[in-house]
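Engineer: If you scroll down you'll find the structure; I have some questions about it.
Bear in mind that the values in this text are calculations on the coordinates, not laboratory data. All of these numbers come straight from a predicted model, not from anything done at the bench. Glycine also receives a Cβ, built like all others from the backbone with ideal geometry; neighbour counts cover every protein chain displayed.
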Amino acid sequence: MSRDALEVIRTRRVVRAMTDEPVPRDLLERVLDAAAHAPSAGNRRFQRFVAVDDGATLRVLRMVSPGMLQRPAAVVVICVDAALAVEYGFRAGSSGLYIDVGTAAQTMLLAAHALGLGSGPVTSFSKAAVSAVLNLPPGWSPELIVCLGRPAATQPPPMALGRRRTWRDLTHWGRLTTTDGA
């Protein structure tokens, strides 16, 4: 399936309800391949991906992830290999490491949507518990979970925030003045 990139960006939504239909391995691999092409600080790729499509492991992950409401058929846990980053001279906790997590996550979300999958990010989870469940190596820190699955026919309503903000609402040109506010 090929779709215009701007259309995919405009139409992507967080899917909060998913069916129990499995995510085909080839689609999961295509999402992971897309993430490997996301921008990365110095192209060093300190993020690591742990893909999970086993039902039992997903159930345990849901127990330690209060933000995982979707009941996904698969997840990708985006980790930072902090030990490797420090070896390369990055400070532990350097903001670039987390920007890389964000670019990888957004790339996965867009790829999933382009492939007809539903997706949603989760940041509400116990890092220690996720690390234990997945048996992550020392130095790997789970930072974000991307839930993947087939969207259910009915979705919970989005949060009521009024009208959708446009780029014009979110953009200031040039230097801000004190009357522009934040």
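Engineer: Give me the compactness ratio for the range 68-174, meaning the Cα radius of gyration over 2.2 N^0.38 Å.
Structural biologist: In units of the globular-protein estimate, the range 68-174 measures up at 1.30.
Engineer: Using Stokes-Einstein with the Kirkwood hydrodynamic radius over Cα pairs, what translational diffusion coefficient do you get for the range 18-92 at 20 °C and a viscosity of 1.002 mPa s, in µm²/s rounded to a whole number?
Structural biologist: In µm²/s, the coefficient is 151.
Engineer: Label points 7 Å out from Cα along the Cβ direction at SER126 and PHE49: separation in nm?
Structural biologist: Each label point lies 7 Å from its Cα, and together they span 2.8 nm.
Engineer: Still on this structure, please answer the following. With a cut-off of at most 13 other beta carbons within 10 Å, and DSSP calling the residue loop, which chymotrypsin sites (Phe, Trp or Tyr not before Pro) in the range 9-116 qualify? Please list them.
Structural biologist: Listed in order of number, the matching sites are TYR88.
Engineer: Which FRET efficiency value, to the nearest 0.05, is calculated for THR171 and LEU32 with the Förster distance at 30 angstrom and r the Cβ-Cβ distance?
Structural biologist: With a Förster radius of 30 Å, E is 0.35.
Engineer: Right, here's the next one. Quick one: P(r) of the chain from all Cα-Cα pairs, 10 Å bins, percents rounded to integers, in order of increasing distance.
Structural biologist: Bins of 10 Å from zero give 9, 32, 34, 20, 5, 0 percent of pairs.
Engineer: How about the range 126-177: which trypsin sites (Lys or Arg not before Pro) there lie in a loop by DSSP and see at most 11 other Cβ atoms within 10 Å?
Structural biologist: When the trypsin sites (Lys or Arg not before Pro) of the range 126-177 are filtered for loop state and at most 11 Cβ neighbours within 10 Å, ARG163, ARG164, ARG165, ARG175 remain.
Engineer: State the extension gain, in nm to one decimal, for the chain segment bounded by THR178 and ARG25, taking 0.36 nm per residue of separation less the distance between their alpha-carbons.
Structural biologist: Numbers: separation 153, 0.36 × 153 = 55.08 nm, distance 5.25 nm.
Fully extending the segment from THR178 to ARG25 adds 49.8 nm.
Engineer: May I pose another question? Of the trypsin sites (Lys or Arg not before Pro) in the range 1-79, which ones lie in a loop per DSSP and count no more than 14 other C-beta atoms within 10 Å?
Structural biologist: ARG3, ARG13, ARG45
Engineer: Under 10 Å, Cα contacts only: if you run a Gaussian network model on the chain, which one of SER131, SER95, SER65 comes out with the highest mean-square fluctuation?
Structural biologist: Maximum fluctuation in the GNM of the chain, among the listed residues, is at SER95.
Engineer: If neighbour count is taken as other Cβ atoms inside 10 Å, put LEU27, LEU144 in order from fewest to most. Present the calculation step by step, with values, prior to reporting the outcome.
Structural biologist: Numbers: LEU27 17, LEU144 20.
Ordered by Cβ neighbours within 10 Å, fewest first: LEU27, LEU144.
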